[in-house]
Amino acid sequence: MQPQLPTFARNFWQEARDYVFITFALIIYATGLTCFLLPYEITTGGFTGVASIIYYITHFEVQNTYLLINIIFLVAAVIELGWKFCIKTIYAVLMLSFILWAMQRIIEMQPGVEPGHLPKVLSDRTLSCIIGGIFEGVALAMCFLNNGSTGGTDIIAAIVNKYKNLSLGNVILICDIIVISSSYFVFRDEADSLQRVILGYITLSISSVTLDYVMNRRRQSVQFMIFSRNYSKIADAINATGRGVTVIDGTGWYTKTERKVLVCLAKRSESINIFRMIKSIDPYAFMSMGNVLGVYGEGFDKIKAKSNSDKRTIVFATNNAHKLEEVRQILGDQFEVRSLDDIGCHRDIPETGSTFRENALQKAQFVKTYYGFDCFADDSGLECDALGGAPGVLSARYADGKGHDNEANMRKLLDALNGNENRKADFRTVIAFVTDDSVHYFEGTVDGKILAERRGEGGFGYDPLFLPDGYDQTFAEMSAEQKNGISHRAQAVAKFAAFLTKKN
Ligand code: IMP
C-alpha cells in the first residue's frame, strides 16, 4: 500500500479535481452546442434541447431558458433528494449557463456576426451534427466520470428513480425522445422538418455511443500474467504502486521446474508503467496482457448488483463474539454485520490512542484503509472519579499492561480505591464509524459506583464490582438482556443504529 493522505485531505483534493474536470467538460459541451448544433437548428435531448427549441422560435438565448427550467427542477430535487445530490448539479447548471452566455458574446464579437444569429462553422449540416454529438458525448462522460451531471433530465431521472423502478438511462432516453420529437412541430412548416428530427436522433445516438465509449475506455481494466525468475522484485515493485499481486505456483512443463506466476489486475492507464517496471527489473520476463470485461472490488468498480439479502454490509472491527452478538441483536437484520474474522483480517490492529475516541477511530480507519469496507469500532472502559478517570483506555490491561486478566484488574482497582469514600464511576463506550467520505462518533455512558466486594457471576471485566445508579444488582448479577438494556455499549449502538436506519 502506498502511504495515504488523511481522509479529509484526500476528500478535498478529490473534490477540487472533480470541479476542475467538470468545468472543462462544460466548456466542451458548450462548444459543441454553440458551434455545431445551434447554428443548424438541430435539436438534441435534455433541457438544452428544450432551450434550443425555444431559441429557434424566439431567439431567446439558450442559457436563460436552460437556467430557468433547471431552477424549477432543482428546487424539486433539493426537496426530494436533499442537498448532497444537488450541489454539483447546481454548480454545473450555473457554470454551463455562464459558459454558454460567454461563448455567444465572444462569437458575436467576431466581424460580420449578427447578435442572436450564430454563424455556421461547417457548411455541411450532417457533419456538424456528428461533431456536435461527439462533443456532447465526451463532455457528458467527463462529467459523469468526475461525479457530476449537467443537470437537466438527470434531475428528472433521479427523482423518478426514487419512486419507480425505472433505470436512469431509460428515463433520460424517454425524455430525450419526447424533446427531439417535439421539434418536428416547431419546424413542421419547413421543407426539412422531418430531416431535422432525424438529425436530432442521429446526434443523440452519436453522443450516447461516444459517452459509453469514453466511460468504458477510462474504466477499462487489464489483467497481467507475468512469468519471471525475478518475480519477487517485480511483485514488490507492483505492490509499491498500490496495486495488488497474487503469486501462483506453476510448473514449466518443458523444463519440469517450479515457476511462480504473477497475476495482477490494473487499469489500462497503469499498464505502460507496469511494462516499464518489469522491463527494468527483468528484460527477459515473459508476460501476457488481456482486456477484462470488468473488475470489481477494492481499487476498482463497486459491485452494483444488489445482493439477494439487499443488506448493507458493515464491518465491526472486533472478534469478540459477545460484542458481535450484542450489536447484531440491536442492529436487527437490516444490516449484515461482519467481524474481522469474516473479512479475513487477522492482523493486530494498533490501539495506541490516549482517548476512547482515538482508539475507536484508529481501529475503524485501519479496516477502511486496508480492506475497503465501511467499518465501525468501539472502545470502552471504566472511569473512576477518585482516580481521575483511570483505568480509562487502560481498562483491559490495567493490572499487567498486557490485558484481559479480569481478576487482576479488579484486585488492582479495589486496592486503588481502598479506604476512598468516593466510589463514583462510569462505563463509557465510543463508537467510530468510518465510511468513504465521513467519520461519525456515537457515545454511551452508565453512571454507577464501585462496590468494595465482587457480586455476581455473569458479565465480564469489572461487572462484579459495578453497581449502576438506580439498580440494586451489579452488572454481573443482571441477566444479559437486563444489562444489554442499559449498558453503555447498548446506548452507543442504539444511537449508531438510529443513525444507520435514518440514512439507509
Ligand atoms: P473494550 O474496549 O470494549 O474491549 O473494553 C476494554 C475493557 O474495558 C474491557 O476489557 C473491560 O475490562 C472493560 N469493560 C468495557 N465494557 C465493560 C462492561 O460492560 N463490563 C465490564 N467491563 C467492561
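Quick notes on this structure:
- For the pair residue 230 and residue 300, label points projected 7 Å from Cα toward Cβ lie 2.8 nm apart.
- Relative contact order (%) - the chain, alpha-carbon pairs under 8 angstrom, separation at least six: 10 percent
- Stretch in the chain that is longest and holds no chymotrypsin sites (Phe, Trp or Tyr not before Pro) that DSSP places in a loop and that have at most 16 other beta carbons within 10 Å: 61-252
- Nearest 10 degrees, 0 to 90: helix 7-31 Cα axis against the chain principal axis: 10 degrees
- Simple rule: put +1 on each Lys or Arg Cβ and -1 on each Asp or Glu Cβ in the stretch 205-350, find the dipole, and look at 315, 246, 208; the Cα lying farthest toward the positive end is 208.
- Of 363/424; 323/483; 233/267; 323/363, those spanning more than 18 Å from alpha-carbon to alpha-carbon: 363/424; 233/267
- In the context of the full set of protein chains, residues of the chain present 54 Å² of accessible surface per residue (probe radius 1.4 Å, heavy atoms only).
- Label-to-label distance for residue 76 and residue 279 is 5.6 nm, based on points extended 7 Å past Cα in the beta-carbon direction.
- Extension reserve of the residue 19-residue 174 stretch, reckoned as 0.36 nm per residue once the Cα distance is removed: 52.9 nm
- Extents of the chain, taken as max minus min of Cα coordinates on every principal axis and listed largest first, are 101, 71, 41 Å.
- Against the main long axis of the alpha-carbon atoms of the chain, helix 488-503 sits at an angle near 10°.
- The slack in the chain from residue 185 to residue 121, taken as 0.36 nm per residue of separation less the alpha-carbon distance, amounts to 20.4 nm.
- Spacing of the two label points (7 Å from each Cα toward its C-beta) at residue 436 and residue 205, in nm: 3.4 nm
- Axis of helix 46-58 versus longest Cα principal axis of the chain: the two differ by about 30°, to the nearest ten degrees.
- FRET efficiency for residue 357 and residue 293, using Cβ-Cβ distance with R0 set to 45 Å, rounded to 0.05: 0.55
- Length released on extending from residue 239 to residue 320, taking residue separation times 0.36 nm less the Cα-Cα span: 26.0 nm
- Whole-percent carbon and sulfur share, accessible surface of the chain, 1.4 Å: 57 percent
- Cut-off of 10 Å, at most 14 other beta carbons, DSSP loop: longest stretch of the chain lacking such GluC sites (Glu not before Pro): 1-189
The values are calculated or read from the model by the stated rules, or taken from the named source; none is laboratory data. For clarity, every value in this text was computed on a predicted model and none was experimentally measured. So basically every Cβ, Gly included, is an ideal-geometry build from the backbone, and we count neighbours across all protein chains shown. Heads up: the accessible areas ignore ligands, DNA and RNA and are worked out on the full protein's heavy atoms, side chains in. Shrake-Rupley method; radii C 1.70, N 1.55, O 1.52, S 1.80 Å.
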